[in-house]
There are 2 protein chains.
Amino acid sequence: MRIVIAGFGTVGQGFAEVLHLKSDLFDEPVKIVAAFDSKSYVTDSGGLDPVALVNRKKETGAVGPNRMGSGIDVLDSVDYDVLVEVSPTDIRTGGEGLRHVEHTLRKGKDVITVNKGPLALKFNKLNRLAKKKGSILRFEGSVGGAMPIINLCSENLRGEQVRSIRGIFNGTCNFILSRMDTGLPFEQALKEAQQLGYAETDPTYDIEGIDTACKVVILANSIFNRDVTFADVSITGITSVSSEAIALAADQGMVIRLIGEVSDTVLEVSPRLVPKGHPLSVSGTLNTARIQTDLAGTITISGKGAGRIETASAILSDLMAIMDSRR
Amino acid sequence: MRIVIAGFGTVGQGFAEVLHLKSDLFDEPVKIVAAFDSKSYVTDSGGLDPVALVNRKKETGAVGPNRMGSGIDVLDSVDYDVLVEVSPTDIRTGGEGLRHVEHTLRKGKDVITVNKGPLALKFNKLNRLAKKKGSILRFEGSVGGAMPIINLCSENLRGEQVRSIRGIFNGTCNFILSRMDTGLPFEQALKEAQQLGYAETDPTYDIEGIDTACKVVILANSIFNRDVTFADVSITGITSVSSEAIALAADQGMVIRLIGEVSDTVLEVSPRLVPKGHPLSVSGTLNTARIQTDLAGTITISGKGAGRIETASAILSDLMAIMDSRR
């Protein structure tokens, strides 16, 4: 199994580490034949050393010795089986990631991605392309990180009709709201999240609900067979949640949480009142989802929604599923 | 896909209903070619009407017109692909269920079971037999009912090393302990559970921790690749949990829950103190499991641990997985 890693930031590096850590797990050789980010690339049909890749990136800032041109050119220059597309999300256009995914699927090769841009903008187009070309497109880590949800719904629960999914899909927002529960004003809770590395310097993507909206779109298309994109989501972020609102909620035994909800008719991200003790009233950075089905009733799952190794572990599970399918 | 249903109690009837409800889900014809319980049987190579089967059992107490001899004879009298073995659990010998499962695997046919007897007593023998004969043995519903756990660990999390699983695997005990939290003495809480249909007339199997122990053994063998049986589990039930102990726990912000725990070295069922607010402090009849892994961290899942349709839905998911594998 020959792999190209597109994007060599936190998740790309984490995945390389996981391939190294878990090398004895595979029945067949698994080789990284190319890795690139926006600045540089490296290829080796004999297989690159994952640890050396990570070390070089950490020490020099570059994943490879070659100055980056187009990702498509790198993809065309090597023989590979699976693209692991983990470049940064561009929710406006899908960015380079969309081109990489499309190009790979068109060649009949398989793709694992956690890049929400291509999935939130062009899911159905990509899915149709994959079907037509006999390619496999998997994306467990794109929603909920290490919390199983995509494959849980589409494989384990394949006999169920999933009626709705409601969940906390952004650990940053949940951390901020949890801190506000203790009396901290929004700005201070955000600052704390930034200091702890939970929030970016520019937190817009999280706190405006954009990240959650991407995940809701991915669930809508992949689990509910809908045909929606990011623009179809009704989004309210958490910037307007005041300390007063939180205090008022607390008086009624409630907390405020940023909930993503999807069903056949709903596609929404908004701060909602949740009774204390309810599974969606959790504090901290965990992701939690309530999956309502026709036969099994409600299933609740929670896990780490982000993190280098955690997200990489979701990519690993997709990789092993692809290896099984291709055997 | 030709199915034999062995055992036509609550779960067997629920599964027949689910086959009827979900008939449009299958790409190929799915037929029940035989159904039997301890008293009667019926066969039809053309396929039995699931609704008629359920109605006959409800109205007459018999699933079929023929007086039951040996299950093996019924199995040998029809051509079938999958045995759905849902006869009552016999934890002492494995009972008829063990013979049905073994006989079917030996013929190279597939088995889905929620019968804990064969699995808790002879898992590794059955698993080896299945591998040797190219048969598939699936048993999602045997632990946690509709709560996904077996296939979640062995498929979705296949890249993880599962370090431990701790959970509430018996809704009856959890209901009783939850009611005791409100001040009810054990006997009264048990009576209430019986009145609500959560506990059997003879509640031994649940309240002595036997049911939970069976599930812990199934997890140990299937997820941790251990080679243990029911006799290896250290078991304490809930009959010795006093109102005083519960009150004392409450004073310290704790509840008492019957926890099953399994790891490479632990195999235990016992009432334990759990801090209020902890995911395992839940009240009511739900099952909950905390799966600790090396890469993904801790994943928590909860769902309905019992119920006619809920358990049948786990059988359905196993059936669809078998249909995929056999295609």
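Relative to the longest principal axis of chain B, what angle (0 to 90°, nearest 10) does the C-alpha long axis of helix B:186-195 take?
Rounded to the nearest ten degrees, it is 30.
For chain B, what is the calculated [θ] at 222 nm in deg cm²/dmol (nearest 500), taking -39500 (n - 2.57) for each run of four or more DSSP H residues and dividing by its residue count?
That comes out to -12000 deg cm²/dmol.
Could you give the angle, 0 to 90 degrees to the nearest 10, between helix B:171-181's Cα long axis and the longest principal axis of the Cα atoms of chain B?
Roughly 20 degrees between the two axes.
What is the distance in Å between the Cα centres of the stretch B:35-56 and the stretch A:1-64?
57 Å
Residue farthest toward the positive end of the dipole of chain A, with Cβ of Lys/Arg at +1 and Asp/Glu at -1: which of A:His100, A:Gly117, A:Ile168?
Value computed over the given set: A:His100.
Would you mind classifying the stretch B:153-304 by shape? Square roots of the alpha carbon gyration tensor eigenvalues, ordered a ≥ b ≥ c; an a/c under 1.5 is rounded, otherwise it is prolate if a/b is larger than b/c and oblate if not.
It comes out prolate by the Cα gyration axes.
Which value in nm describes the separation of the simple spin-label points at B:Val266 and B:Arg106, placed 7 Å from the Cα toward the beta carbon?
Placing both labels 7 Å beyond Cα along the Cβ direction yields 3.9 nm.
Only sites in a loop by DSSP and with at most 16 other Cβ atoms within 10 Å count here; which trypsin sites (Lys or Arg not before Pro) in the stretch B:231-285 make the cut?
Those satisfying the criteria are B:Lys276.
With an 8 Å Cα cut-off and a minimum separation of 6 or more residues, compute the relative contact order for chain B in percent.
Worked out over chain B, it gives 19 percent.
Set Lys and Arg Cβ to +1 and Asp and Glu Cβ to -1, take the dipole of the protein assembly as shown about its Cα centre, and tell me which of A:Thr60, B:Ile246, A:Ile299 lies farthest positive.
A:Thr60
May I ask you to report, in nm to one decimal and beginning with the shortest, the distances from A:Gly61 to the same position in the other copies, taking label points 7 Å along Cα-to-Cβ?
Those label-point separations list as 8.4 nm.
Order these by the 10 Å Cβ neighbour count, fewest first: B:Thr182, B:Thr201, A:Thr239, A:Thr204. Mind dumping the intermediate values first?
Details: B:Thr182 9, B:Thr201 5, A:Thr239 16, A:Thr204 12.
By the 10 Å Cβ count, ascending: B:Thr201, B:Thr182, A:Thr204, A:Thr239.
Once you've got the Cα coordinates, tell me which of A:Lys109/A:Lys132; A:Lys39/A:Lys131; A:Lys276/B:Lys276; B:Lys39/B:Lys304; A:Lys31/A:Lys58; A:Lys31/A:Lys109 are over 23 Å apart.
The pairs that break the limit, which is 23 Å between Cα atoms, are A:Lys39/A:Lys131; B:Lys39/B:Lys304.
Which chain A residue puts its Cβ closest to the axis that rotates A onto B, and at what distance in whole Å?
A:Ile301, 2
When a/c is below 1.5 the answer is rounded, else prolate if a/b is larger than b/c, else oblate, so apply that to the protein assembly as shown with a ≥ b ≥ c taken from the square roots of the Cα gyration tensor eigenvalues.
Oblate shape, in that a/c is at least 1.5 and b/c is the bigger or equal ratio.
Distances from B:Lys107 to the same residue in each other copy, label points 7 Å out along Cα→Cβ, in nm, shortest first?
Those label-point separations list as 4.9 nm.
Against the longest alpha carbon principal axis of chain B, how many degrees, from 0 to 90 and to the nearest 10, is the axis of helix B:210-223 turned?
70 degrees
Once the label point is set 7 Å along the Cα-to-beta-carbon vector, what list of distances in nm do you get between A:Pro88 and its counterparts in the other copies?
Here the equivalent label points are 6.5 nm apart from this one.
Separation of the stretch A:261-288 and the stretch A:134-156 by C-alpha centroid, Å?
A separation of 20 Å, based on Cα centres.
What is the spin-label model distance, in nm, from B:Asp49 to B:Glu187 if the labels are put 7 Å beyond Cα along the C-beta direction?
For B:Asp49 paired with B:Glu187, the spin-label model returns 5.1 nm.
Nearest 20 debye, what's the magnitude of the dipole of the stretch B:109-252 about its Cα centre given +1 on Lys and Arg Cβ and -1 on Asp and Glu Cβ?
1160 debye
Do any trypsin sites (Lys or Arg not before Pro) in the stretch B:78-122 lie in a loop, going by DSSP, with at most 16 other beta-carbon atoms within 10 Å of their beta carbon, and if so which?
B:Arg92, B:Lys107
Just so you know, all these numbers are worked out from the coordinates, no wet-lab data involved. In this text the structure is predicted, and so the values were computed from the model without any measurement. Glycine also receives a Cβ, built like all others from the backbone with ideal geometry; neighbour counts cover every protein chain displayed.
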